[in-house]
Amino acid sequence: MTSNLKLDTKTASKLAINGAEPVRQTLLPYGRQSISKSDIEQVTKTLQSDWLTQGPEIEKFEAAVAKFAGVKYAVAYSSGTSALHGAYFAADLQKDQEVLLAPITFAATGNAALYLGANPVFCDVEPDTGNIDLAKVESKISKKTKILVGIDFAGHPCDADELSQIARKHNLVLIVDAAHSLGATYKGKQAGSLADMSILSFHPVKSLTTGEGGMVLTNSPEYYDRLLKFRTHGIEKRRDKLVNLDENQGSWYHEMQELGYNYRITDIQAALGSSQLERLSEFIKRRRQIAETYRKELATISGIKPLIEKEYVQSAYHLFPILITKDPVAANRKLVFEALRAENIGVQVHYIPVYRHPYYQKNVVANNKPDCPNADRFYEGEISLPMFPSMTEQDIKDVVTALKKISQELLI
Ligand SMILES: *Cc1c(COP(=O)(O)O)cnc(C)c1O
């Protein structure tokens, strides 16, 4: 704890940051997986099978997620990041073309464009959801723009209908980074089904986990083909698709037609994913209950506010972000964050705007900071509260107690 956070006021003496007892003795993480006995059984069964990778579990998992989301095709990848790389490749993103995205996201959403020699361009966000601001999208589109990316920040789907219209009008491919939103709905439709391609992540803090893992969802057979190829070294085996086939080439013959990668998921992971998918509705239901309790309690706490949930959306609540409202916002955010950590409440910040990272400053925005005032303000006030399905009522109470105490001492 840095010393400038020490408060001299007598009234702050109840805070753990100033030496008082913390609200709880052990750290409550901001997110964590929930692994059941049947999850473990499914993984064990796969370990004892003939296949550890490229076996039947992968297609089973892909079919199950495609069915859940209501899309035709699903291609599992080794991570959400490699899924983004695959989706941008499938969209035929070329060197020096542009990918338009919001900066309130994990760096991978931008990095995957850099992998292909393309340039991420940042569009500002809505202040009350953190999602891309529709009103600002068109002014950022240039002749070089190829892909428009919506990010379902914190599990709240972005406005895919409007983004689709803009994408059609300007001949762009719409990709939604749905790493946070599997299990959410938008106008009654499942997140992950609303764009030309959507990507998912199965990292342990996400809606469901495979350890590491990701997926691309699409209704397009052309994208599906390219996604499969890219995942396995760019290799094609189907005889009717081979370009150099002649009478001397037997059934061994295959071709590497594109520069792909080994981005495969294992059967072990896919078995865990299928088992977790059966519990997804239960996970989302619990996340939504926790969010409801947080909302009720936050209404009585001054100096902070939650994000909104639009009336046509049911968020998957990957995160429960709050925004500090009391000025000076950035200083108060730092204080409240460190005070919550001292109470053993494992808060996080999502996200440092991507363009603020040194790599981006040096190589992407060349120290010309993009004009994203809402994203900067959002970042300066944001704190993500603990949110995961296995949180107990006592865990929730601890978060609320700590917030109330800190608000009374610091934000009145
Ligand atoms: C987690 C995440 C990713 C990357 O997923 P990994 O599986 O960790 O590679 C991409 N975008 C967003 C918004 C994420 O939260």
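Give the residue, chosen from ILE199, ILE147, ILE141, that is under 11 Å from the mean Cα position of the chain (by Cα) and of a type outside the set (Lys, Arg).
ILE199
Could you list all residues from segment 122-144 that are outside any loop (DSSP other than H, G, I, E, B) and surrounded by fewer than 21 Cβ atoms within 10 Å (Cβ to Cβ)?
LEU134, ALA135, LYS136, GLU138, SER139, LYS140 - these are the residues of segment 122-144 that are outside any loop (DSSP other than H, G, I, E, B) and surrounded by fewer than 21 Cβ atoms within 10 Å (Cβ to Cβ).
From the residues in segment 302-336 that are assigned to a helix (DSSP H, G or I) and touching an Asp or Glu at 6+ places or on another chain (Cβ under 8 Å), which one is surrounded by the fewest Cβ atoms within 10 Å (Cβ to Cβ)?
Among those residues, the one meeting the criterion is ALA330.
Keeping to segment 15-31, report how many residues are out of contact with any Ser or Thr (no Cβ under 7 Å at 6 or more places or on another chain) and in contact (Cβ under 8 Å) with a residue 60 or more places away in the chain.
Qualifying residue count, segment 15-31: 11.
Of all residues in segment 111-121, which are part of a helix (DSSP H, G or I) and touching a Phe, Trp or Tyr at 6+ places or on another chain (Cβ under 7 Å)?
The answer is ALA112, ALA113.
Just need a number here: residues in segment 103-119 that are buried (at least 24 other Cβ atoms within 10 Å of the Cβ) and more than 10 Å from the ligand (Cβ to nearest atom).
Qualifying residue count for the region: 2.
With over 30 Å from TYR312 (Cβ atoms) and among the hydrophobic types (A, V, I, L, M, F, W, C) as the only criterion, which of LEU200, LEU228, LEU182 stands out?
Just one listed residue meets the conditions, LEU228.
Test each condition in (1) touching an Asp or Glu at 6+ places or on another chain (Cβ under 9 Å); (2) modelled with pLDDT of 95 or more; (3) farther than 20 Å from ALA87 by Cα for MET256 and report the one that comes out false.
(3)
Could you tell me whether LEU100 is more than 15 Å from LEU217 (Cβ to Cβ), crowded, with 22+ Cβ neighbours inside 10 Å and either more than 16 Å from the ligand (Cβ to nearest atom) or hydroxyl-bearing (Ser, Thr, Tyr) (or both)?
When the stated conditions are applied, LEU100 does not pass them.
Take GLN249 and tell me if it is modelled with pLDDT under 95 and not hydrophobic (A, V, I, L, M, F, W, C).
yes
Name the residue, out of ALA291, ALA299, ALA271, that is more than 30 Å from LYS397 (Cα to Cα) and among the hydrophobic types (A, V, I, L, M, F, W, C).
Selected residue: ALA271, the only one of ALA291, ALA299, ALA271 that is more than 30 Å from LYS397 (Cα to Cα) and among the hydrophobic types (A, V, I, L, M, F, W, C).
Give the residue, chosen from ALA375, ALA316, that is at pLDDT 95 or above and in contact with a His (Cβ under 8 Å, 6 or more places away or on another chain).
Step by step, each of ALA375, ALA316 is checked, and only ALA316 is at pLDDT 95 or above and in contact with a His (Cβ under 8 Å, 6 or more places away or on another chain).
Give me the residue from segment 169-196 that is without any contact (Cβ under 8 Å) to a residue 40 or more places away in the chain and within 12 Å of the chain's Cα centre (by Cα) and, out of that set, surrounded by the most Cβ atoms within 10 Å (Cβ to Cβ).
Checking each candidate, the answer is ALA178.
Take the residues in segment 32-67 that are among the β-branched types (Val, Ile, Thr) and part of a helix (DSSP H, G or I), then tell me which one is farthest from the ligand (Cβ to nearest atom).
Ranking the candidates gives THR44 first.
Could you give me the residue pairs with C-beta distances under 6 Å whose first residue belongs to segment 68-83 and is part of a strand (DSSP E or B), whose second residue is among the hydroxyl-bearing types (Ser, Thr, Tyr) wherever it lies, and which are 6+ apart or on separate chains?
As it stands, the answer is TYR73/THR218; TYR73/TYR224; TYR77/TYR263, since those pairs meet every condition given.
Step by step: first the residues of segment 183-204, then only those that are within 14 Å of TYR77 (Cβ to Cβ) and aliphatic (A, V, I, L, M), then the one that is farthest from the ligand (Cβ to nearest atom). Which residue is that?
Within segment 183-204, the match that is farthest from the ligand (Cβ to nearest atom) is MET197.
Only residues that are of a type in the set (A, V, I, L, M) and within 19 Å of GLY183 (Cα to Cα): list them for segment 149-169, please.
Across segment 149-169, the qualifying residues are ILE151, ALA154, ALA160.
The values are calculated or read from the model by the stated rules, or taken from the named source; none is laboratory data. Note that the coordinates shown come from a computational prediction; the quantities given were computed from them, not determined experimentally. Cβ sites come from the backbone with ideal geometry, for glycine too, and all protein chains shown count toward neighbours.
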